[in-house]
Amino acid sequence: MSIDEKGIAANLRLSRIEAGLSQGDVGKHFGVTRQAVSMWEHGIHKVSAELAGQLAEYYGVSIENIYDPFRALMGVR
């Protein structure tokens with residue numbers, strides 16, 4: 001997994017937590033299991049650009065926050 005992929009996965013997790021949502025909440029909203037959300041957040045399954053945009057909107061963050069490879073790694077909020 002590249003640093004970009006690790007960063008995206010970490011940003012998804014950070015954004016979800018900052019939004020005060022559980023993996024179950026996200027899964028229910030998107031019609032997937034909590035385990036699927038966990039796999040996105042661990043980089044096991046990549047999210048499409050379309051899904052990344054939908055997640056960003058749901059979390060109330062910009063798409064740039066999702067794709068910034070250093071945001072979560074550096075703890076920038």
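Residues are listed down the side, and each one gets a yes or a no for (1) among the aliphatic types (A, V, I, L, M); (2) open to solvent by 40 Å² or more (accessible area, probe 1.4 Å); (3) modelled with pLDDT under 95:
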{"residue": "Asp4", "(1), (2), (3)": "no, yes, yes"}
{"residue": "Ala9", "(1), (2), (3)": "yes, no, yes"}
{"residue": "Asp25", "(1), (2), (3)": "no, yes, no"}
{"residue": "Arg34", "(1), (2), (3)": "no, yes, no"}
{"residue": "Ser38", "(1), (2), (3)": "no, no, no"}
{"residue": "Glu41", "(1), (2), (3)": "no, no, no"}
{"residue": "Leu51", "(1), (2), (3)": "yes, no, no"}
{"residue": "Glu57", "(1), (2), (3)": "no, yes, no"}
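Scanning the range 26-41 for residues that are touching a helix residue (DSSP H, G or I) at 6+ places or on another chain (Cβ under 6 Å) and in contact (Cβ under 8 Å) with a residue 12 or more places away in the chain yields a total of 6. Among the residues of the range 47-77, just one is within 10 Å of the chain's Cα centre (by Cα) and assigned to a loop (DSSP other than H, G, I, E, B), namely Val47.
The values are calculated or read from the model by the stated rules, or taken from the named source; none is laboratory data. All of these numbers come straight from a predicted model, not from anything done at the bench. Here the Cβ is made from the backbone with ideal geometry for all residues, glycine too, and neighbour counts use every protein chain on show. For accessibility, only protein heavy atoms count, side chains too; no ligands or nucleic acids. Shrake-Rupley method; radii C 1.70, N 1.55, O 1.52, S 1.80 Å.
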